[in-house]
Ligand SMILES: C[S@@+](CC[C@H](N)C(=O)[O-])C[C@H]1O[C@@H](n2cnc3c(N)ncnc32)[C@H](O)[C@@H]1O
């Protein structure tokens, strides 16, 4: 990895920072997704976050919810993955797996049941356009029909990501453009019927 992602996370700390603002929008979207996504007949929902960082966008929201939410965080950095595991323990969330693995490698998702909600936050700004296309094209293989994806991208480049979702069978639920910051947060639902191709090879490289 080319950047110090532990240091990058310090951008969340200053109150009112753009990253702190983005965090609030992502959490609000996740609360909404937990109320509106499909679930298993017993109410179980599976969340997957790719390039999950320390999980601060997902774990506190899941802790507010009932305990039928299962979480998989995929994060390559060992320090951030450890922090995510500590947060899950502190919040008493037993159904959280933090996989220290390459989220850009399709093999990481082998045998995984499809998620009801998937987060791809802080991903599209770090990968090239071809990888962004491959990643969005792969998402239907990772989520259930009607599943919800929450994603972020800064500035006008977010419009290209937004268009990719429209091209790959997703309906837009929301697209947040704050008046005073460059971050954008999109939320898209996979429209059925779903005919995902096989998930193989590499989706993206940071
Ligand atoms: C911009 S940060 C976003 C973190 C988190 N999603 C958030 O929004 O707070 C990108 C994260 O991706 C992780 N990362 C980079 N390459 C990765 C890969 N191939 N597989 C999994 N995680 C990766 C980094 O360690 C970092 O935590």
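FYI, it's all coordinate maths here, none of it is from the lab. Owing to the predicted nature of the structure, the values given are computational and were not obtained by experimental measurement. For neighbour counting, all protein chains shown are included, and Cβ atoms are generated from backbone atoms with ideal geometry for every residue, glycine included.
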> Which FRET efficiency value, to the nearest 0.05, is calculated for residue 101 and residue 175 with the Förster distance at 45 angstrom and r the Cβ-Cβ distance?
Replying inline: 0.90
> Taking square-rooted eigenvalues a ≥ b ≥ c of the alpha carbon gyration tensor, is the range 105-146 rounded, prolate or oblate, where a/c under 1.5 means rounded and, failing that, a/b exceeding b/c means prolate?
Replying inline: prolate
>> Using a Gaussian network model on the chain with a 10 Å cutoff between Cα atoms, which of 126, 29, 171 fluctuates the most?
In response: 126
> Which residue fluctuates the most in the chain, going by a Gaussian network model with Cα springs under 10 Å, if the choices are 173, 80, 119?
Replying inline: 173
>> Testing the spin-label approximation: label points 7 Å from Cα along Cα→Cβ at residue 112 and residue 64. State their distance in nm.
In response: 2.4
> What's log10 of I(q)/I(0) for the range 12-51 at q = 0.24, 0.27, 0.29 Å⁻¹, Debye sum over Cα points only, no solvent?
Replying inline: -0.84, -0.93, -0.98
>> If the elastic network links every pair of Cα atoms under 10 Å, which of 164, 110, 73 fluctuates the most in the Gaussian network model of the chain?
In response: 110
> Which value in deg cm²/dmol, rounded to the nearest 500, describes the helix-derived mean residue ellipticity at 222 nm for the chain, given -39,500 (n - 2.57) per DSSP H run of n ≥ 4 and division by the residue count?
Replying inline: -9000 deg cm²/dmol
